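The values are calculated or read from the model by the stated rules, or taken from the named source; none is laboratory data. Everything numeric in this text was worked out from a predicted model, so none of it was measured. Quick reminder, even Gly has a Cβ in these numbers, built from the backbone with ideal geometry, and neighbours come from all protein chains shown. Accessible surface is based on the protein model in full, side chains and every heavy atom, while ligands, DNA and RNA are left aside. Shrake-Rupley method; radii C 1.70, N 1.55, O 1.52, S 1.80 Å.
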Amino acid sequence: MKPWVKILILVAALAVCVAGCFIVVDIVKNNDDTPEIDTDTVIVGGFDNDIQSITYTYQGNTAEFKLVNYSWVNPADEEMPLRQEDLDDLAKLLRDGAKSVRMVDDTGSLVKSEGFGLDQPALSIRASDGTVAKTVYIGDFNSAFDAYYANIEGSAEVHLIAADIPEAFMKDIFALAVEAEAYPEISYEDVIRISLFDGADRREMAYSEGGSEELYSDYYTWFEQDASGEYNALRTSAMTVLCEELVSFDEIACVAYASDGETLAAYGLDKDFRGFKIGYIGEIDVENDVGVETQEAELELEVKFSRADGEGNCYMIWEGNPTVYRVSAEKADAVMGALTADLTPDEVCAISLDSVESFNVVYNGAEINVVRTQSTIAGTNGAEATVTNIFTANGMVVDATSVNNFYDGLLALTVEGRAEAGTWEDGAEPHMTVTFSRNTENFTEMTLYVYEYNVNFYRISFNGVDDMLVSIRDIDNMGDAILRTLK
C-alpha cells in the first residue's frame, strides 16, 4: 500500500473518532431518555414568604445580606451602604423562582461532571425566607437552550434553567451591592487646569480664554510652562480629547467602598500610584442674608490610578470619596499617556481670516494681492445682521469661492514631518510666499515661505519655525485656487 493511501486512511479514522466523541457528548447533554418534567415546575427558589437572607458566592467572592427592619444590611459590616432596590429585585427573583427548561439527569451522575461546570460551580446562591433555606449551584451556559445547568443542594437532578437568576448574580459583589458615589459630572469645556503626575514626573497645563498676546493666533488656548519659564501653546484638538477623557469615567465598578490604609495598599493606591488633578469651573451653594445662592467657583478634583494588574485592569480613587473603583488599564493609560505625549501644535499656520485685512501671494510667476472688506445687511423682524466678506484681487472684485478655497487649504495644512537640519540651503528662492497684513495689536505682518524640498514634500518656514514639511499636492492645490482669482 502506498504511503499516501495509509495517511488518508488514518485521517479518515481520526475524523470518525472525533465525530463519535461529539455525538456521545451531545447524547449526554440532550438525553431524550431522561424523565419528563412539567416545565411549570419551579426548580430554583420558589418560596412561600418574602426572602429574609441571601448569601451567594461568585468567582470565589462571597457576599451575605439580611433583611433587618425592612432594610438590607451586610452582617459583616452593617454600615456598608447598599443598593436597596437592587437587593429587593434579587429577593423577588428568588421568591418567584426559576422553572426547569429541561431535565438533563436525575441519577446524580452528572452533578460532579466536569462537562457541565457543576464540579466547581462559578456561582452558588443560598436564600431563606426565615423558615426554609435552599441552595442552588450554577454550572455552564448552554447556548442551544439559552439556559444554565443547575443543581439543588441535596438533589440528584440536573436541570437547565433560564438565565434570569444566574445572570442577576453574576456581577462584581461591590458593583451589585454598594451604593457607590458616581464620578463627578464635569463638562470638558469647564476644565481650566490640568496637572498630570507619575512619581517625580509632572506636567502642568493651563487654559487661557482668548489665547495669549505672546502668540500670533488666538486659536491656541491651552499652554504649558517649560523649564525656562516660557509658555508654549499646546495642540487644541489633542487638549479637547484629553479634557474629554479626564471627565468621562462611565465604565468603572466599585471594588471596595472604604479605603483605609490596608485597602489602598491592597489595590496599589498607597505608594506607587499615578494620576491627575484638574481645576474646573463648577457651582457651589453660598449662604447669605436672603438664603442660599448658587455661585460659580473654581473647584478641584484629584484622581489616583494604580498600575495595571496584569489582567487589563487598574484601580482608581478620587479625593473626597472613600470608594475604590476598577477601571480598564486602557482608559487609565489614555489619560496618563498625555504626561509624555507630544502635544506640539501640528497646524502650519493658524491665522484666522477674520484677523486678516489683506494677504499677498507670490506663486508661479504671479503676484496676487487680496484685500478683504465686509458688507453688512441689517436684519429685519429681529433677525441678526448678515455680514459677508467681499474680496478684491489686484483691485478687481473676485468670486469668494477661489479665495476661500485657498485660505481653507492654508488653514488645513498640517506638519507631516520635520526636515533634518542641514538638508536645505539658506537663501533659496521660495516656491511660494504668503504675506499677511492683520488687524491685530501684535504680529501685524507675517510671511509664510514655501521652499522645494524633495519629491514628496515642500518645506515651510513660518513664525520662526523652519523645518515643517507639508504635502506637495496640498500646496499646489492652494496655488491653483489663488491663480483662479485672476481668470
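Quick notes on this structure:
- Prolate/oblate/rounded label for segment 328-400 (Cα gyration tensor, a/c 1.5): oblate
- For V44, the residues whose modelled amide H falls within less than 5 Å of its own, excluding neighbours fewer than 5 places apart on the same chain, are A98.
- Rolling a 1.4 Å probe over the heavy atoms of the protein chains gives segment 91-212 an accessible area of 48 Å² per residue.
- The chain, relative contact order in percent, only Cα pairs under 8 angstrom and at least six apart counted: 9
- Extended-chain gain in nm, criterion 0.36 nm per residue less alpha-carbon gap, S471 and A133: 114.2 nm
- Segment 392-451 - Kirkwood radius from inverse mean 1/r over Cα pairs (Å): 14.5
- Calculated [θ] (222 nm, deg cm²/dmol) that DSSP helices of n ≥ 4 give over the chain, each run adding -39,500 (n - 2.57): -6500 deg cm²/dmol
- Against the chain, whose longest principal axis is taken from its Cα atoms, helix 3-29 shows a tilt of about 70°.
- Stokes-Einstein diffusion of the chain at 25 °C, 0.890 mPa s viscosity, Kirkwood radius from Cα pairs, rounded to a whole number: 82 µm²/s.
- 15 Å reach of a label modelled at F141, 7 Å along Cα-to-Cβ, counting backbone N of segment 99-117: 117
- Mean-position separation - Cα centroids, segment 312-357 and segment 267-304, in angstrom: 19
- Sequence-separation-based contact order of segment 131-188, relative, with Cα cut under 8 Å and 6+ spacing, percent: 21
- Cα lying deepest toward the dipole's positive end in the chain, options S217, F359, T440, charges on Cβ: F359
- The ellipsoid equivalent to the alpha-carbon distribution of segment 57-172 has semi-axes of 27, 14, 14 angstrom, derived from the gyration tensor eigenvalues as √(5λ) and listed largest first.
- Ranked order, V111, V335 - accessible area, probe 1.4 Å, largest first: V111, V335
- S228 versus E319: modelled label distance in nm, points set 7 Å from Cα along the beta carbon direction: 3.2
- Full-stretch length increase - A428, D48 - with 0.36 nm per residue and alpha-carbon distance subtracted: 127.4 nm
- When a 1.4 Å probe is rolled over the protein heavy atoms, the share of accessible surface on the chain that falls to carbon and sulfur comes to 48 percent.
- Annotation: per residue accessible area for segment 339-379 equals 48 Å², rounded to a whole number [probe 1.4 Å, protein chains only].
- Entry note, segment 337-466: relative contact order of 25 percent, from Cα contacts under 8 Å with a spacing of 6+ residues.
- Of all aspartates and glutamates in the structure, the ones whose alpha carbon falls short of 16 Å from that of K487, not counting any fewer than 8 places away in one chain, are E367, D399.
- Percent of Cα pairs in segment 255-387 per distance bin of 5 Å, from zero to the largest separation: 2, 7, 10, 10, 9, 8, 8, 8, 8, 8, 7, 7, 5, 2, 1, 0.
- Pairwise centroid distance, computed over Cα atoms, of segment 99-117 with segment 174-237, Å: 58
- Under the convention that each Lys and Arg Cβ holds +1 and each Asp and Glu Cβ holds -1, the size of the dipole of the chain around its Cα centre is about 2000 debye.
- Using θ = phi - 60° and Karplus 6.51 cos²θ - 1.76 cosθ + 1.60, couplings along segment 302-312 (whole Hz; Gly, Pro as x): 10, 10, 10, 10, 7, 6, 5, 8, x, 10, x
- Estimated FRET transfer efficiency (D89, N69; beta-carbon r; R0 25 Å; 0.05): 0.80
- Cα→Cβ-extended label distance, 7 Å offset, between T107 and S208, nm: 8.3
- Stretchable slack from A200 to A266, in nm (0.36 nm times residue separation minus alpha-carbon distance): 21.5 nm
- Angle in degrees between helix 236-247 and the longest Cα principal axis of the chain, rounded to the nearest 10: 30
- Measuring r between the beta carbons of A378 and V292 and using R0 = 56 Å, the FRET efficiency lands at 0.80.
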